[in-house]
Amino acid sequence: MHIPDGLLDTKTWVSMSLISGGILAGALRGLKRDPLLQRIPVIGMTAAFVFAAQMLNFPVAGGTSGHFMGGVFCCILLGPWTGFITMSLVLTIQCLLFQDGGLTALGANIFNMGLIGSVGGFYLYFFFRLLFWGDRTRPVAYAFASWTSVMLAAAFAAVELSISGTIKLSLGLPAMLGSHALIGLGEAFITASALAAIWRVKPEFMTMQKF
Amino acid sequence: MHHSYIDKYARHNSPLHRLDARTKIISSILFVVLIAVTPSPGSVFLTVGASIPLFLCFIGRIPISYLLIRSLIIIPFAGFAALSYAFSSSSDDILWQWGPLRLSSEGMSNALILLLRSWIAVSAMILLVNTTPFDSLLKGMRRLKVPALFIMLLSFFYRFLYLLWDEVERMQRARNMRYYGGYWKRQVGIMGSMISSLFLRSFQRAEMVQFAMIARGWNGEIKLLPAFPLQRRDLMVLLSMIICLVGLWLLRTF
């Protein structure tokens, strides 16, 4: 879902960059103020973890392979804004070192995957907890939250492309949602099983103070 | 530690590698922005724009094939957008038609413009990271007033990345030795426990690093050596790059 350079028009990428830059600056200021999170190494390590976990490919039907994205995972474990900063770091490195996503589209990518796909997924989790409140159905809420957040992020990317006049919404939205429905399914199952495993091994993570 | 293929050529030696990081960062950003904001670029503009990365590639002694292969990363998105452009034009000059699919020459040229534009931007970025080691890139960004906290996070990230990368490779090897594939539900379970143990290990390691740093008097700030001045050569190159870009901007409608 990384949008490259040249697909967004000027008004879209400038405004998305301003929005994401402003939110990121606010989150960083909060991180600096919070006495508990003089935890810069932890965030750096978590970002590296997301990156490394994305290397674990798993086969999807039809010979393609999917990988874990990890936004919702980080937000639920470390808190929404720490997760947002982590995903912004990952996306910045992907843009700078791997050219996965363009420089001018970086703001839009951070908005889609960092804000909608991760922080949005974190709040969706609380919504789904209202429906699946039991302790045993917790993984179901994780799975629904991450699937929905992947779909929302894909929908936002399609909307941004259509606002730029690059791909029409009637074509882009079904294509993005269709391809991400399957990716999101993988993401959902893996997020749920990884979080359930952490819940089993180290339950104190889930009640840790978060930011 | 055998993962140097990320920015394979960053530590080679060439006139481009010896330039100050700030010069390269500013001129790449200006170039990418110029390519991205030009509303309807003409063919001369695109040709000159595309030849700049190729020329710099030659000066920086980076193989063209490497540049071309790395730039294939734009294909999934830009390729889809280009296809939708090629087939969605409403003009009359149809080149090829099959049912509702109509390939017009106007659509073709729009698709080509989109692909070229995206390619030029991505190859400028590839050149930037392959002529600048990552630490000097960060140093340059710091001097250009990117927030210190963000730079610190990025440098921690980069430092830990290779460590965890090795860890993942070891875990994958261990899994492949013990596991012969199987039902998808089991695969997902294994993936989940791999990811959770990777997370717990990395978290523990980061906390240990943090305690060690605090024990040695770290208070959340990293001190830098005094600013290193730009050489006259770097300023000259920056100035000539800016003049080139203004020239390119004047060419935008041709």
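B:I151 meets all of the listed conditions (1) more than 24 Å from A:K202 (Cα to Cα); (2) open to solvent by 30 Å² or more (accessible area, probe 1.4 Å); (3) more than 7 Å from chain A (Cβ to nearest Cβ) but one, namely (2).
Looking at segment B:110-131, which of the residues that are within 10 Å of chain A (Cβ to nearest Cβ) and among the β-branched types (V, I, T) is surrounded by the fewest Cβ atoms within 10 Å (Cβ to Cβ)? Filtering first and then ranking leaves B:I113. Selection over segment A:155-195 of residues that are open to solvent by less than 20 Å² (accessible area, probe 1.4 Å), in contact (Cβ under 8 Å) with a residue 40 or more places away in the chain and in a helix (DSSP H, G or I) gives a count of 12.
Residue-by-condition table, conditions (1) of a type outside the set (F, W, Y); (2) in contact with a Phe, Trp or Tyr (Cβ under 9 Å, 6 or more places away or on another chain); (3) assigned to a helix (DSSP H, G or I); (4) within 26 Å of A:M55 (Cα to Cα):
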position	(1), (2), (3), (4)
B:K185	yes, yes, yes, yes
B:M191	yes, yes, yes, yes
B:M208	yes, no, yes, yes
B:I243	yes, no, yes, no
B:R252	yes, yes, no, no
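Candidates are the residues of segment A:88-143 that are touching a Cys at 6+ places or on another chain (Cβ under 8 Å), in a helix (DSSP H, G or I) and within 14 Å of chain B (Cβ to nearest Cβ); the one that is most open to solvent (accessible area, probe 1.4 Å) is A:L106. Of these, B:A124, B:A111, which one is at negative phi, outside any loop (DSSP other than H, G, I, E, B) and within 12 Å of the chain's Cα centre (by Cα)? None of the others qualify; the one that does is B:A124. Restricting segment A:169-211 to residues that are within 7 Å of chain B (Cβ to nearest Cβ) and not aliphatic (A, V, I, L, M) leaves a set whose member that is farthest from A:V42 (Cα to Cα) is A:F189. The set of residues from segment B:46-87 being basic (K, R) and within 14 Å of chain A (Cβ to nearest Cβ) comprises just one member, B:R70.
The residue that is modelled with the highest pLDDT, among those in segment A:56-87 that are touching a strand residue (DSSP E or B) at 6+ places or on another chain (Cβ under 7 Å) and not β-branched (V, I, T), is A:L56. Mind listing whichever residues of segment B:22-35 are open to solvent by 10 Å² or more (accessible area, probe 1.4 Å) and either at positive phi or at the interface with another protein chain (Cβ under 9 Å from one of its Cβ atoms) (or both)? B:S28, B:I29, B:V33, listed by residue number.
Of the candidates B:L245, B:L163, B:L238, the single residue that is surrounded by 11 or more Cβ atoms within 10 Å (Cβ to Cβ) and within 30 Å of A:F189 (Cβ to Cβ) is B:L163.
Residues in segment B:10-20 that are open to solvent by 10 Å² or more (accessible area, probe 1.4 Å) and farther than 14 Å from B:R232 by Cα: B:R11, B:H12, B:N13, B:P15, B:L16, B:H17. For the condition closer than 14 Å to A:V72 by Cβ, free of Cβ contacts under 8 Å to residues at least 40 places away in the same chain and either of a type outside the set (G, A, S) or touching a strand residue (DSSP E or B) at 6+ places or on another chain (Cβ under 6 Å) (or both), A:L152 qualifies.
Show the residue pairs meeting these rules: Cβ distance below 6 Å; 6+ apart or different chains; first residue within segment B:124-138 and within 27 Å of B:V48 (Cα to Cα); second residue open to solvent by 10 Å² or more (accessible area, probe 1.4 Å) and of a type in the set (S, T, Y). Cβ pairs passing all conditions: B:A124/B:S28; B:L128/B:S28; B:N130/B:Y9.
The values are calculated or read from the model by the stated rules, or taken from the named source; none is laboratory data. Remember, predicted model here, so these are calculated numbers, not experimental data. Using ideal geometry, Cβ is built from the backbone for each residue, glycine included, and neighbour counts are taken over all protein chains shown. Protein only, heavy atoms only, side chains kept; ligands, DNA and RNA dropped before computing areas. Shrake-Rupley method; radii C 1.70, N 1.55, O 1.52, S 1.80 Å.
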